[in-house]
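Only one structure is covered here, and it is reproduced in the block below.
The values are calculated or read from the model by the stated rules, or taken from the named source; none is laboratory data. Everything numeric in this text was worked out from a predicted model, so none of it was measured. Reconstructed Cβ throughout: ideal geometry from the backbone, glycine too, with neighbour counts over all protein chains shown. SASA here: full protein model, heavy atoms, side chains in, ligands and nucleic acids out. Shrake-Rupley method; radii C 1.70, N 1.55, O 1.52, S 1.80 Å.
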Amino acid sequence: MRRFGILLLTLLSLVSAKADDITVDGVKRNYIVYAPKNLGDKRPLLISCHGMNQDAAYQKGMLVIESVADTAKFVTVFPNGIDKSWDLGGNKDLNFMRAIIDKMVEKYNIDRNRVYLSGFSMGGMFTYFAMNRMADTFAAFAPISGYPMWGASFTSSRPIPIIHTHGTTDDVVNFNGVASVLAGWVKRNGCPTTAKVTKPYRASHITRHYWGPGMNGVEVVLLEMANKGHWISNDNGVKTGEEIWNFCKRFSLKDTDPKVSFINPKTNLTFTSVGGAGTVPDVSLEVEASDPDGKVESVAFFDGDELLGEVAEAPYTFVLKDLKKGEHVIAAVAKDNEGYSAKATITISASDVLRGSFVFTNFSEEGCVPEGWETYDGQENRVGYAGGFSQGSRVFLFTGETHDFDSGIYTRNTTGGAQEGYARYGSEKTNSTMWLYPGNYQLYVRVANWNQPSFSPVTVALENMQGERVFEETFTPTANIGNAASNSFSGSTPLSLTFDLLEQGRYVVSFYTADAPWADLVVGRGSIRRKGDVSLVTTIADKQPVRKTYFNLAGQQVQKPTHGIFVEKTIMSDGTANSRTMSY
């Protein structure tokens, strides 16, 4: 029944496909070509080769790629091998491929830089054979259920992109041989030797193995199809031809695609709203876009599949407004004057904490600066996520028999300079944002010294994005860990600090070491909770001072001075500010 359906589909599709002949090396050869209507110039070409004892019509019916070609506008050629097989040792069929390409250039003006080769079974074996002989002709390769069973070689003239699809119960070309062949190409392409595995991928029976990027940005992909035999798989919503096209279309022999990348923000963003409804404040997006062989005609911005807006000229900017709670995949799609496109994405996530506390010290990985955190020790600035550290500011996991907290982030002050040792959460350099609404707040922290037997003071501060301190408290820790994560330690004093916040906005929690050489701190626990409405009376008649900040005559914020001439700025409960010059 399955073969009858494929045959019927093949007969129907021949209505819109055309068989053609060509003479190669004095031999008459033939193929089937499928070209969408309104194709346009400089469109890609995919050549798809049949298996042994099969033919072009059967391969066309198996691949079922017409609807993909209609949408993406590319030409597909299904060639016929001599005696229904392929030459896997000489130039006979390699020359056939070259002749087909020349003919498609002549007839359809296809783009020579975007020609791709695929094949099933013996056609897949031929695809691997061509990798070593025609790497400068094909931009990417897509073998299906076929590889060199007699032994593979990896001598292509350049690194090449490969996507291989194969069923795990293939009883003709055994799946067990795929791994060693792909390992050779992973090595030749300079790809990471450990694959990134996605399981399931699009459907429950598919596992995707990804090695990349390698040299020149190439990738190697294996789609492992569980319980599939020796055939092209097109069920459970996954079409082999579509997967092949989505992979191949990103590669070209010549860099002709437009380029697009986010420059603001550069990375994913996480917004946590405390005491509010979880709506993300306006986010300004900006991307760079260029085209190496033409011009960028537009950049469109999407939230998932929803078009947000389109910009025709640089600067390519867009403002996201009223972004609701949840995860949003924001895409920028640049299109050039030839109809090619490129896409860049970032993820913006929004959550809210209406009740309870927001814990900003969830540390689980040792030797890293986690996402959302920034550290400075007077010499090196580290912004999370950054990992693999064995020295300097980083997360420790504590293993002593007794320990007040299981993990903590450590920083130090190597120079002794003012505010030159700190760890902070939610700074402008990080991808995590803490958005606070007006109210009365409780800041809970637990901090120890790392290697200060005589103890060294620590300052905890809540700061706005201008660096102004809304609240600060300096205290001396009551526990010293003793310079080893395996030590036992106890007695660190938990601090529960309350303050009033008058203005909603983005805020940062900062922990500063003392201004002394090698002063240090370890933040073990930290959370913030909105307890209720602002407790201060904010009438004009009875306004109260909320906080004081100090600046030197150069306009730089400093700690409370002990000598010299400084400017004292007092923020009042109604939001007004008073400044005066003082001499100490």
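Structure summary
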quantity	calculated
Pair list, Cβ under 8 Å, 6 or more apart: region 187-207 residue without any contact (Cβ under 8 Å) to a residue 24 or more places away in the chain and within 24 Å of residue 226 (Cα to Cα), other residue part of a loop (DSSP other than H, G, I, E, B) and not aromatic (Phe, Trp, Tyr)	207/199; 207/200; 207/226
Count of region 333-356 residues which are over 19 Å from residue 309 (Cβ atoms) and open to solvent by 60 Å² or more (accessible area, probe 1.4 Å)	4
Some residue of region 297-311 being open to solvent by 70 Å² or more (accessible area, probe 1.4 Å), at negative phi and in contact (Cβ under 8 Å) with a residue 24 or more places away in the chain	yes
Scope region 430-454; condition within 22 Å of residue 490 (Cα to Cα) and either open to solvent by 20 Å² or more (accessible area, probe 1.4 Å) or out of contact with any strand residue (DSSP E or B) (no Cβ under 6 Å at 6 or more places or on another chain) (or both); matching residues	444, 446, 451, 452, 453, 454
Hits in region 196-253 (condition: more than 16 Å from residue 142 (Cα to Cα), buried (at least 20 other Cβ atoms within 10 Å of the Cβ) and not charged (D, E, K, R))	206, 214
Given (1) in contact with a helix residue (DSSP H, G or I) (Cβ under 8 Å, 6 or more places away or on another chain); (2) at pLDDT 85 or above, index of the condition residue 479 fails	(1)
Unique residue being of a type in the set (Lys, Arg) and within 21 Å of the chain's Cα centre (by Cα) when the list is 254, 321, 295, 259	259
Of all residues making up region 254-294, the number that are open to solvent by less than 20 Å² (accessible area, probe 1.4 Å) and either more than 20 Å from residue 333 (Cα to Cα) or hydroxyl-bearing (Ser, Thr, Tyr) (or both)	8
Hits in region 374-433 (condition: of a type in the set (Ser, Thr, Tyr) and more than 18 Å from residue 464 (Cα to Cα))	376, 385, 390, 393, 399, 402, 407, 410, 411, 414, 415
From the options 390, 427, residue that is assigned to a loop (DSSP other than H, G, I, E, B) and surrounded by 15 or more Cβ atoms within 10 Å (Cβ to Cβ)	427
Scope region 463-482; condition in a loop (DSSP other than H, G, I, E, B) and of a type outside the set (Gly, Ala, Ser); matching residues	465, 466, 468, 476, 477, 478, 481
Counted residues, region 115-155 - those being at negative phi and open to solvent by 10 Å² or more (accessible area, probe 1.4 Å)	15
Residue among 221, 260 that is at pLDDT below 95 and not in a loop (DSSP other than H, G, I, E, B)	260
Every residue from region 449-462 that is under 35 Å from the mean Cα position of the chain (by Cα) and part of a strand (DSSP E or B)	460, 461, 462
Matching strands (runs of 3 or more DSSP E) fully within region 13-78 where at least 3 residues are open to solvent by 30 Å² or more (accessible area, probe 1.4 Å)	18-24, 27-34
Strands (runs of 3 or more DSSP E) enclosed by region 108-175 - at least 2 residues per element that are among the aromatic types (Phe, Trp, Tyr)	115-120
Close pairs (9 angstrom Cβ cut-off, 6 or more residues apart or separate chains): touching a residue at least 40 places away in the same chain (Cβ under 8 Å) and of a type in the set (Asp, Glu) in region 158-170, surrounded by fewer than 23 Cβ atoms within 10 Å (Cβ to Cβ) and not in a strand (DSSP E or B) anywhere	170/228; 170/229; 170/230; 170/231
Top-ranked residue in region 485-510 [being at pLDDT 90 or above and open to solvent by less than 30 Å² (accessible area, probe 1.4 Å); ranked as farthest from residue 423 (Cα to Cα)]	489
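Matching residues to (1) of a type in the set (Phe, Trp, Tyr); (2) in contact (Cβ under 8 Å) with a residue 24 or more places away in the chain; (3) farther than 30 Å from residue 114 by Cα:
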{"site": "341", "(1), (2), (3)": "no, yes, no"}
{"site": "348", "(1), (2), (3)": "no, yes, yes"}
{"site": "365", "(1), (2), (3)": "no, yes, yes"}
{"site": "370", "(1), (2), (3)": "no, yes, yes"}
{"site": "373", "(1), (2), (3)": "yes, yes, yes"}
{"site": "382", "(1), (2), (3)": "no, no, yes"}
